[in-house]
Amino acid sequence: DIHGVCVVSTQSTGLLHPLTMPRGPKHHLKRLNAPKHWMLDKLGGVWAPRPSPGPHKLRECLPLIILLRNRLKYALTKRETTLILVQRLVKVDGKVRTDPNYPAGFMDVVTIEKTEENFRLLYDTKSRFTIHRIGAEEAKYKLCKVRKAQVGPKAIPYITTHDGRTIRYPHPNIKANDTVKLEIGTGKISSFIKFQTGQLSMTIKGRNTGRVGIIQHIEKRIGQETLVQVKDEKGHVWSTLISNVFVLGEGSDSLVSLPAGKGIKLSILEERALKLKKKQ
């Protein structure tokens with residue numbers, strides 16, 4: 001038609017009406033549009049699993065199907081993954097999850113009781129999720145970054161965390177950007193770490209994702225987001241936004257164990273030398 005609107009005729013009435021787009025949220029995800037850190041091969045099919053709505057964003061999560069099938073190799077197909085999950089064998093943060101597309105994210109603890117394994121989702125220095133194996137004691141808690149600290153209806157104070165939790169009546173000294181240590185069994189806060197200079201932190205977004213270092217300087221800017229300068233063990237310095245920094249512990253001690261490399265980003269030459277050393 002001359003106006004660029006697609007029209008179809010109905011045989012019964014002979015009238016023309018425009019074709020409208022389907023309504024509602026999208027239920028599909030093309031493999032080429034999937035997040036690169038999932039590391040799905042291009043020729044493995046047209047589609048990728050689309051994460052269900054949940055505590056972590058679509059591009060900042062790892063669906064359980066990819067964790068079990070592509071990372072841990074406990075299944076070869078989606079059907080096998082579903083058969084594992086419907087047996088209620090997999091827990092995320094202490095709760096059984098049976099949805100293959102459930103979005104697990106940063107700091108989540110994945111427990112498989114049948115094999116007595118516990119994993120924590122952390123980032124490596126190449127911005128990818130690493131499935132870090134942890135012990136039973138460490139699997140009892142997780143760290144959460146405080147997104148907001150506000151007062152709700154009836155003057156009830158509460159905080160919201162990076163993994164979608166709302167916790168009422170927190171300690172009055174807990175503010176936005178602090179980190180709280182959460183007991184998974186009870187959902188209660190056992191301790192907290194203030195966001196300030198001298199604390200150990202991990203960058204969880206941006207081009208420095210996965211790097212671990214000490215907060216050196218916090219620069220507040222009028223009308224713009226606060227900048228944070230971080231320095232790692234080798235003396236490398238980088239700057240990022242305050243929303244990208246996740247405090248891990250007091251001083252240089254981390255409350256959670258870190259994956260291999262300890263968050264130190266290597267140069268291309270250092271990586272090459274390390275690979276050659278392993279081959280020898």
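The values are calculated or read from the model by the stated rules, or taken from the named source; none is laboratory data. Note that the structure is a prediction, hence the values are computed from the model and not measured. Virtual Cβ from ideal backbone geometry, glycine too; neighbours counted across all protein chains shown. In case anyone asks, the SASA skips ligands and DNA or RNA and just uses the protein heavy atoms, side chains included. Shrake-Rupley method; radii C 1.70, N 1.55, O 1.52, S 1.80 Å.
How high is the relative contact order of the stretch 153-256, given as a whole-number percent (alpha carbon pairs under 8 Å, six or more residues apart)? Display every interim value, and only then the final one.
On the way: 182 pairs, mean separation 22.6, N = 104.
In percent, rounded to a whole number, it is 22.
Calculated from the alpha-carbon coordinates, the stretch 150-224 shows an Rg and a Dmax of 14.6, 42 Å respectively. Figure note: Ile222, Ile268, Ile66 ranked by solvent-accessible area, largest first, 1.4 Å probe, ligands and nucleic acids not counted: Ile222, Ile268, Ile66.
As an exercise, take the mean of 1/r over every pair of distinct alpha carbons in the stretch 31-107, invert it, and state the Kirkwood radius in angstroms.
Numbers: mean 1/r = 0.0787 Å⁻¹.
Hydrodynamic radius (Kirkwood, Cα pairs) of the stretch 31-107 is 12.7 Å.
Annotation for the stretch 15-68 versus the stretch 203-280: alpha-carbon center distance of 30 Å. Report summary: the helix-based calculation at 222 nm, which adds -39500 (n - 2.57) for every DSSP H run with n ≥ 4 and divides by the residues of the chain, gives -2000 deg cm²/dmol.
Measuring how big the stretch 181-280 is from its alpha-carbon positions, Rg and Dmax come out at 15.9, 54 Å. Between Leu241 and Lys95, residue separation times 0.36 nm minus the direct Cα-Cα distance comes to 49.3 nm.
Per-residue surface analysis assigns Glu138 an accessible area of about 30 Å², computed on protein heavy atoms at 1.4 Å probe radius. Placing Lys95, Lys145, Lys278, Lys181 in order of accessible area, with the largest value first and a 1.4 Å probe, yields Lys278, Lys95, Lys181, Lys145.
Applying Stokes-Einstein at 10 °C and 1.306 mPa s to the Kirkwood radius of the chain, computed over alpha-carbon pairs, gives a translational diffusion coefficient of 74 µm² s⁻¹. Taking a straight Cα-Cα cut-off under 12 Å and skipping sequence neighbours fewer than 8 places away in the same chain, the aspartates and glutamates within cross-link reach of Lys140 are Asp93, Asp108, Glu183.
Assuming R0 = 51 Å, can you tell me the calculated FRET efficiency for the pair Gln150 and Lys277, based on Cβ-Cβ distance, to the nearest 0.05? Could the numbers behind the result be given before it?
On the way: r = 51 Å, r/R0 = 1.01.
That pair, Gln150 with Lys277, gives E of 0.50.
Using a probe of 1.4 Å, the accessible surface attributed to Val90 totals some 0 Å² when neighbouring protein chains are kept in position. Applying 1/(1 + (r/R0)^6) with r as the Cβ-Cβ distance of Thr160 and Ile264 and R0 = 41 angstrom yields a FRET efficiency of 0.85. The alpha-carbon atoms of the stretch 88-234 define a convex hull whose volume equals 159 cubic angstrom per residue. Quick one: compute the contact order of the stretch 209-280, relative version, from alpha carbon pairs under 8 angstrom and 6+ residues apart, as a percent. RCO, the stretch 209-280: 25 percent. Quick one: if the Förster radius is 25 Å, what FRET efficiency do Lys194 and Lys234 give, using the C-beta to C-beta distance and rounding to 0.05? After rounding to 0.05, the efficiency reads 0.45.
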